[in-house]
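This report refers to the structure that appears directly beneath it.
The values are calculated or read from the model by the stated rules, or taken from the named source; none is laboratory data. Please read these numbers as outputs of a predicted model, since none were measured by experiment. For neighbour counting, all protein chains shown are included, and Cβ atoms are generated from backbone atoms with ideal geometry for every residue, glycine included.
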Amino acid sequence: MCVKKLLHKVGHLSILGCGFDGSGSAGVGFLLNIQAQKALIEWEPVSSRLAKARFRSKLFNVTVFAVYAPTRVSSEQAIDTFYAELNEAVKKTPKRDLLIIGGDLNTHVGSRQANGDRSLGIHGYGERCERGTRLVQFAQANNLVIANTLFRHKPSHVITWRSRDGRTSSQLDYLLVSSRWRSSIQNCRAYRGPDTGSKGGSDHTLVKMSVKIRLVARKRKEPPKRFDVARLKDPTVVEQFRVQLSNRFTALEHEHSNESPEDGNSSGSSVNEDWQKFRNTLQEVALETLGRVKRKRRRWMSEETIRLATKKRSGDQVSKT
């Protein structure tokens, strides 16, 4: 199916959508306010059932996928294609991004079962079906948590779909979030509208999630100072470095020969341990004989600029007198 792109502005809101064909069998999109419009850095309509939007934040970016899974009457091939596209798109998402997947996934996941589904909470709705197991497996494989199942609410705040005759209700719409942000999710619930389930209204409800980001400032690591290798141009320093290094390596060799073999090895130490000793010895001798390079603070004005400024200032003083 050819993907139709849509970019339309309504008042202060922008609609980003793809795949709308009027039949209701496909089509996903985003409704953005002014702040979200300014933060938008990437928009990709992957298919008629999958769209991606990426937003800029101060310390990390946010990637959101709008999804519309095939219904229960669809073939297994359609389900396989949908999850293959979604899985590939998720794998391309940068690891540092806050990842959110939301939409009509047309399945039932229920609650966490006895085997301990780490992607589910204990407040899901209904019983899990076969395709619900497929969604749970996808979430676990990509380290995602299904936010709808984490919070206890009355049924009307959990159900996301109602038939137009009002006789049948279920939970079909979900919000999935990177599990590393699980503790930041404050709430997730459905909001039923006045016309939900009626002939003139939608059979789906709005699902809202509140996320509070707790950020910890990362300590800036100072780069290690380099050894002053320029001192090796001095023959005296070179001889001093050679003698100290030779003495230290002789002591290491003597220590190595006194170690008792273990488990049939020719030496009691491993290759990694020997390398650590070699590296530490070399660095200690270099620090003692060469020292570190002292960083010179760069002047914010070049010598030429200072000379011209001084010349101009002197000329101004002479003209005033």
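Would you be able to tell me the number of residues in segment 115-152 that are buried (at least 16 other Cβ atoms within 10 Å of the Cβ), small (Gly, Ala, Ser) and within 23 Å of the chain's Cα centre (by Cα)?
Total meeting the criteria: 4.
Conditions (1) assigned to a strand (DSSP E or B); (2) surrounded by 14 or more Cβ atoms within 10 Å (Cβ to Cβ), marked per residue:
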position	(1), (2)
VAL67	yes, yes
THR81	no, yes
ALA84	no, no
ASN87	no, no
VAL90	no, yes
ARG96	no, no
LEU99	yes, yes
HIS108	no, yes
ARG112	no, yes
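Suppose the filter is more than 30 Å from THR93 (Cβ to Cβ), modelled with pLDDT under 80, hydrophobic (A, V, I, L, M, F, W, C) and over 45 Å from the mean Cα position of the chain (by Cα); does LEU252 pass it? Spell out how you get there, then give the answer.
Numbers: more than 30 Å from THR93 (Cβ to Cβ): yes; modelled with pLDDT under 80: yes; hydrophobic (A, V, I, L, M, F, W, C): yes; over 45 Å from the mean Cα position of the chain (by Cα): yes.
When the stated conditions are applied, LEU252 passes them.
Is at least one residue of segment 47-67 in contact (Cβ under 8 Å) with a residue 40 or more places away in the chain and touching a Lys or Arg at 6+ places or on another chain (Cβ under 6 Å)?
no
Quick one: would you say ASP117 is without any contact (Cβ under 8 Å) to a residue 40 or more places away in the chain, in the same structural domain as TYR174 (by TED's automatic domain parsing) and touching a helix residue (DSSP H, G or I) at 6+ places or on another chain (Cβ under 8 Å)? Don't jump to the end; show me each part of the working.
Working: without any contact (Cβ under 8 Å) to a residue 40 or more places away in the chain: yes; in the same structural domain as TYR174 (by TED's automatic domain parsing): yes; touching a helix residue (DSSP H, G or I) at 6+ places or on another chain (Cβ under 8 Å): yes.
Answer is yes for this residue.
Scan segment 232-247 and tell me whether some residue there is loosely packed, with under 10 Cβ neighbours inside 10 Å, at pLDDT below 65 and not aliphatic (A, V, I, L, M). Give the steps one after another, and end with the answer.
Let us first name the residues in segment 232-247 that are loosely packed, with under 10 Cβ neighbours inside 10 Å, namely 233, 235-236.
Now restrict to residues that are at pLDDT below 65: none.
There is no residue in segment 232-247 that is loosely packed, with under 10 Cβ neighbours inside 10 Å, at pLDDT below 65 and not aliphatic (A, V, I, L, M).
Of the residues LYS199, LYS221, which single one is modelled with pLDDT under 90, in the same structural domain as LEU86 (by TED's automatic domain parsing) and over 18 Å from ASP104 (Cα atoms)? Working first, answer last.
Working: LYS221 fails: in the same structural domain as LEU86 (by TED's automatic domain parsing).
None of the other options fit; the residue is LYS199.
Taking ARG131, is it in the same structural domain as SER74 (by TED's automatic domain parsing), over 15 Å from ALA69 (Cα atoms) and at pLDDT below 90?
Taking the combined requirement at face value, the residue does not satisfy it.
Looking at LYS91, is it touching a Ser or Thr at 6+ places or on another chain (Cβ under 8 Å) and on the phi < 0 side of the Ramachandran plot? Steps first, answer last, please.
Working: touching a Ser or Thr at 6+ places or on another chain (Cβ under 8 Å): no; on the phi < 0 side of the Ramachandran plot: yes.
Answer is no for this residue.
Please list, ordered by first then second residue, the pairs with beta carbon atoms under 9 Å, 6 or more apart or interchain, first in segment 140-161 and in contact (Cβ under 8 Å) with a residue 60 or more places away in the chain, second in a loop (DSSP other than H, G, I, E, B).
Note: pairs meeting the criteria are ALA147/GLY121.
Just give me the residues in segment 153-182 being among the β-branched types (Val, Ile, Thr) and surrounded by 16 or more Cβ atoms within 10 Å (Cβ to Cβ), in sequence order.
As a first pass, look at segment 153-182 and keep what is among the β-branched types (Val, Ile, Thr): 158-160, 168, 177.
Hits for segment 153-182 are VAL158, ILE159, THR160, VAL177.
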